[in-house]
Amino acid sequence: MFDTKELYLSLNSDFDGGDDNPEFMPLFSRQDEEEFGKMVLPDEVPVLTIRNTVLFPGVIFPITLGRDKSIKLVREAAKKDKIIAVVAQQNPDIEDPAQEDLYTVGTLAHIIRTMRMPDGTTTLIIQGRKRINIDEYTQTEPYFKAKISNLLDAPITEDGEFDAIIHSIRDISEKIINLAPNIPTEANIAIRNIDSNNFLVHFVASNLNIGVAEKQMVLANVNPRDRAVKVLEMLTKELQILELKDEIQNKVRTDIDKQQREYFLHQQIRAIQEELGGETPDKEIQNLREKGNAKNWSKTVHQHFNKELDRLMRVNPASPDYSVGLNYVQLMIELPWDNQTTDNFDLKFAQKVLDEDHFGLDKVKKRILEYLAVLKLKGDMKSPIICLYGPPGVGKTSLGKSVARALGRKYVRMSLGGLHDESEIRGHRKTYIGAMPGRVIQNLKKVGSSNPVFVLDEIDKMGRDFRGDPGSAMLEVLDPEQNSTFYDNYLELDYDLSKVLFVATANNLDTIQPALLDRMEIIEISGYSLEEKIEIAKKYLIPKQSKAHGLKASDFKLKDKALEMVVEQYTRESGVRGLDKKIAALARSAAKSLAMGEKYTKTINQGIVQEILGAEKMELETYENNLTPGVATGLAWSPMGGSVLFVESTLMQGKGNLTITGQLGDVMKESVTIARTFLKAHASYLEIDNRVFDHWDVHVHFPAGAIPKDGPSAGITILTSLASLFTQRKVKSHVAMTGEITLRGKVLPVGGIKEKILAAKRAGITDVIICEANRKDVQEINESYLKGMRFHYVGNLLQVLDIALLQEFADNPLDLMEPVRKSITKSENVIIK
């Protein structure tokens, strides 16, 4: 910052014995400048080195001498003509500088006074006379001596522009003096009284808060105009900084005044509240502290809570930060922390509850009972993280409620479908406006227990895009090794989730991150068979809808055939959600008739079902005849369950082209190509002339063209269809198949076996061809569902064809060799010609 030094120095006699009256040294005048300019330089002068500043001609300032060399130099110079050269060090940290550490341009100075201070140090007061060049050092010990020469200014014309620069320097200096509180106002008088332009520039440059290098650059500049412009630039920058500081200080002063006003008003409001019997902020904080002391927290949590309360007491209650801090400490109070419910270890009761609420699902029930048994024996165990995987409507989500009821725990559900922001899991930092804890912490606060059954619904449908990846945030939640110290950004404390029983649900495992999938125990829940759906409807759905519609058990009944009709002809799903809706429609009809006093049949039969629900919505999946070669029956899987898939192929005379239709994915198209290539490679085994492939075009079609289809499991069905077409041998009756194929002729295992087999049974299939590796999947299916069905386990494609194709040909087989013979005859005629 610009800071003028003493304009007049009061000099007392000390070292060299002056008189008692102070001696006042006036400012450097234009006359002094001219006299000093004519001054004859001595041949050799002592050189005093100074650091952290630069001496300018005409400027007077004190120097405290610390080096022995400098003190000796001043003593000897004071005995002679008191003329010395003053040169600045390039590096102020060097205690004993050499010649190369000094600038070559300095100032010839006159020693005005030396004084010994009370602390024993020597202070020297000097005045610069003129600028000089150091030509050659003649002595280094005991102090520097050098030969010097004049450094004269370049001649310039003091025109209007130069005068304007000098006036600007003078005006800005006065503004700075007025703005800076530590500069005496008398400095303005001194600035106005300086009549030498060069001295004004030197005086201002000497008092600017700039580095030694910048001051030395001004001193060494021989052009007075350039020197003045440089000082004006630095002075302008100094003024801008001072103006900005002044503006900030005024603003802060205004803000403080406003805060003080608000503080006094708040104190008055507080007094009024106390008179009215309301709760003051101090009392509210005291109540929170008492609640915190009653909590069974760890030492770390206690310290953090009290620290936040102490900080809250220092915040103005009218400030937005107060409500943010208050919400935070209230969250800490309301979280359950170690508040747990007591588990019910009655395994028979748990088994009864699970059986009451859900039909089947034996794997899940067994796993829950195992966990409860270990917990009963051990007393403490990390909760398992279960993922229920299966088609919609099979009871995955509702199973969480049953588990909670069986264990005697509280139940909470969080839907993850469409979630795309990881802050929904981990929360926001509380410094943001509108910040909240993550939904995990929010749900635990809502349920009031640290060991609930926590259902993570639709975990496979979390988003992952440029907005965030909540799936990665779930890794910490669902890792038993990490979730005991789960960190929420809002809470800023470790929270123990290890006692929470997480139950995730998913329809498709392919969309779940592999790392997240690895942390969960996958339990597959497959679709229900016709018999299971009827039992579920009798035990659960009909009583549920009767109660929901205000009907007694005797007011609403369904015959088994009617239920079977609803399942087969009005729904097509793996679960029972659609069936529940249809039963609800039948119950509404009964409730309407009962409420209006109309006569109605309380036991609903097939005719009433069709009358209420309308015409049949679904065509039954039935086996189609095998009268035409090239038609084969496959088995497919979708999230809605299993279904029957037909593959049709036909031949046309052409050049061996292949056409595939039916809205297929790349995998199914590749399966068609593999099957055709395999047939070509094994044509002799099937007694097919290889030449027919070049004279017949093949068209393979998959019916239901509006439905996208993909996957490798139709491989052996496609092969069977093409083999039947090229051999003109029909496929055996009531045979369906599923399996992936390879070029080497291997049959590979596929998934969804239970759903596919149930679909085959619904369609009246009696024989199923599947891979040998899928035998274990068939063995897991209830034997009652497999009644009347035969399974053929195969390992290669030739086995598939031996089982699937009849030995006799079709009734009117195509003569595949006819175009071959025509082609041979035509080529012979060409040769004869």
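The values are calculated or read from the model by the stated rules, or taken from the named source; none is laboratory data. The shown structure was predicted, so the numbers you read here are calculated from the model rather than taken from an experiment. Every residue, glycine as well, gets a Cβ built from its backbone with ideal geometry; the counts of neighbours run over all protein chains shown. Surface areas here come from the heavy atoms of the whole protein model, side chains and all, with no ligands, DNA or RNA. Shrake-Rupley method; radii C 1.70, N 1.55, O 1.52, S 1.80 Å.
Assorted remarks:
- Meets criteria (loosely packed, with under 14 Cβ neighbours inside 10 Å, part of a loop (DSSP other than H, G, I, E, B) and either in contact with a helix residue (DSSP H, G or I) (Cβ under 9 Å, 6 or more places away or on another chain) or modelled with pLDDT of 70 or more (or both)) for VAL54: no
- Only one entry of LEU516, LEU563 meets the criterion of being touching a Gly at 6+ places or on another chain (Cβ under 8 Å), modelled with pLDDT of 85 or more and open to solvent by less than 10 Å² (accessible area, probe 1.4 Å), and that entry is LEU516.
- Enumeration of residues in the range 449-497 that are touching a strand residue (DSSP E or B) at 6+ places or on another chain (Cβ under 9 Å) and assigned to a loop (DSSP other than H, G, I, E, B): SER449, SER450, ASN451, PRO452, GLU458, LEU478, ASP479, PRO480, ASP488, LEU493, ASP496, LEU497
- Total residues in the range 129-146, condition in contact with a Ser or Thr (Cβ under 6 Å, 6 or more places away or on another chain) and open to solvent by 60 Å² or more (accessible area, probe 1.4 Å): 1
- Among the conditions (1) in a helix (DSSP H, G or I); (2) surrounded by fewer than 18 Cβ atoms within 10 Å (Cβ to Cβ); (3) over 51 Å from the mean Cα position of the chain (by Cα), the only one that LEU242 does not satisfy is (3).
- Of the residues examined, SER593 is not one that is open to solvent by 20 Å² or more (accessible area, probe 1.4 Å), hydroxyl-bearing (Ser, Thr, Tyr) and assigned to a helix (DSSP H, G or I).
- The conditions of being at pLDDT below 75 and surrounded by 17 or more Cβ atoms within 10 Å (Cβ to Cβ) are met by LEU7.
- Some residue of the range 442-449 being of a type in the set (A, V, I, L, M), touching a helix residue (DSSP H, G or I) at 6+ places or on another chain (Cβ under 9 Å) and closer than 27 Å to VAL324 by Cα: no
- Test: ASP338 is surrounded by fewer than 17 Cβ atoms within 10 Å (Cβ to Cβ), part of a loop (DSSP other than H, G, I, E, B) and acidic (Asp, Glu): yes
- Screening the candidates ASN605, ASN626 for the property of being at pLDDT below 80 and either touching a Cys at 6+ places or on another chain (Cβ under 8 Å) or surrounded by 13 or more Cβ atoms within 10 Å (Cβ to Cβ) (or both) yields one hit, ASN626.
- For the range 531-548, taking the residues that are more than 47 Å from the chain's Cα centre (by Cα) and touching a residue at least 40 places away in the same chain (Cβ under 8 Å), the one that is surrounded by the fewest Cβ atoms within 10 Å (Cβ to Cβ) is identified as GLU531.
- Pairs linking a residue in the range 149-177 that is of a type in the set (A, V, I, L, M) to a residue that is open to solvent by 20 Å² or more (accessible area, probe 1.4 Å) and modelled with pLDDT of 85 or more, with Cβ atoms under 6 Å and 6 or more positions apart or on different chains, are LEU151/ASN133; ALA154/VAL222; ALA154/ASN223; ILE156/ARG225; ILE165/LEU232; ILE169/LEU232.
- Test: residue in the range 98-116 that is open to solvent by 60 Å² or more (accessible area, probe 1.4 Å), at pLDDT 85 or above and not polar (S, T, N, Q): yes
- Scanning the range 403-447 for residues that are assigned to a loop (DSSP other than H, G, I, E, B), touching a Lys or Arg at 6+ places or on another chain (Cβ under 7 Å) and either among the hydroxyl-bearing types (Ser, Thr, Tyr) or surrounded by fewer than 18 Cβ atoms within 10 Å (Cβ to Cβ) (or both) returns GLY417, GLY418, HIS420, ASP421, ALA435.
- Selection status of GLY400, outside any helix (DSSP H, G or I), buried (at least 18 other Cβ atoms within 10 Å of the Cβ) and not β-branched (Val, Ile, Thr): no
- Count of the range 675-696 residues, restricted to those that are farther than 24 Å from GLN807 by Cα and buried (at least 18 other Cβ atoms within 10 Å of the Cβ), is 1.
- Boolean, ASN182 is open to solvent by 80 Å² or more (accessible area, probe 1.4 Å) and either in a helix (DSSP H, G or I) or modelled with pLDDT of 85 or more (or both): no
- The range 514-551 - residue that is among the acidic types (Asp, Glu) and outside any helix (DSSP H, G or I) and, of those, farthest from LYS363 (Cα to Cα): GLU521
- ILE765 under 16 Å from PHE646 (Cα atoms) and either among the β-branched types (Val, Ile, Thr) or free of Cβ contacts under 8 Å to residues at least 60 places away in the same chain (or both): yes
- Residues (in contact (Cβ under 8 Å) with a residue 60 or more places away in the chain, part of a loop (DSSP other than H, G, I, E, B) and open to solvent by 20 Å² or more (accessible area, probe 1.4 Å)) located in the range 361-394: LEU361, LYS382, PRO392
- Residue check, GLU648 of a type in the set (D, E, K, R), without any contact (Cβ under 8 Å) to a residue 24 or more places away in the chain and in contact with a Pro (Cβ under 9 Å, 6 or more places away or on another chain): no
- The set of residues from the range 778-807 being over 16 Å from SER721 (Cα atoms), open to solvent by 40 Å² or more (accessible area, probe 1.4 Å), at pLDDT below 85 and outside any loop (DSSP other than H, G, I, E, B) comprises GLU783, SER784.
- Of the numbered criteria (1) among the hydrophobic types (A, V, I, L, M, F, W, C); (2) modelled with pLDDT of 90 or more; (3) open to solvent by less than 50 Å² (accessible area, probe 1.4 Å), the one LEU664 fails is (2).
- Any hit, the range 488-506, residues being touching a Leu at 6+ places or on another chain (Cβ under 9 Å) and surrounded by fewer than 20 Cβ atoms within 10 Å (Cβ to Cβ): no
- Residues of the range 566-588 satisfying the condition of being in contact with a strand residue (DSSP E or B) (Cβ under 9 Å, 6 or more places away or on another chain), among the charged types (D, E, K, R) and open to solvent by less than 50 Å² (accessible area, probe 1.4 Å): GLU573
- The range 109-129 residues that are more than 21 Å from PHE199 (Cβ to Cβ), paired with ones that are outside any strand (DSSP E or B) and among the aromatic types (Phe, Trp, Tyr) (beta carbon under 8 Å, 6 or more apart): THR114/PHE15; MET115/PHE15; ARG116/PHE15; THR122/PHE15
- One residue alone among VAL218, VAL204, VAL222, VAL229 is β-branched (Val, Ile, Thr), open to solvent by 20 Å² or more (accessible area, probe 1.4 Å) and either closer than 22 Å to ARG129 by Cα or assigned to a loop (DSSP other than H, G, I, E, B) (or both), and that residue is VAL222.
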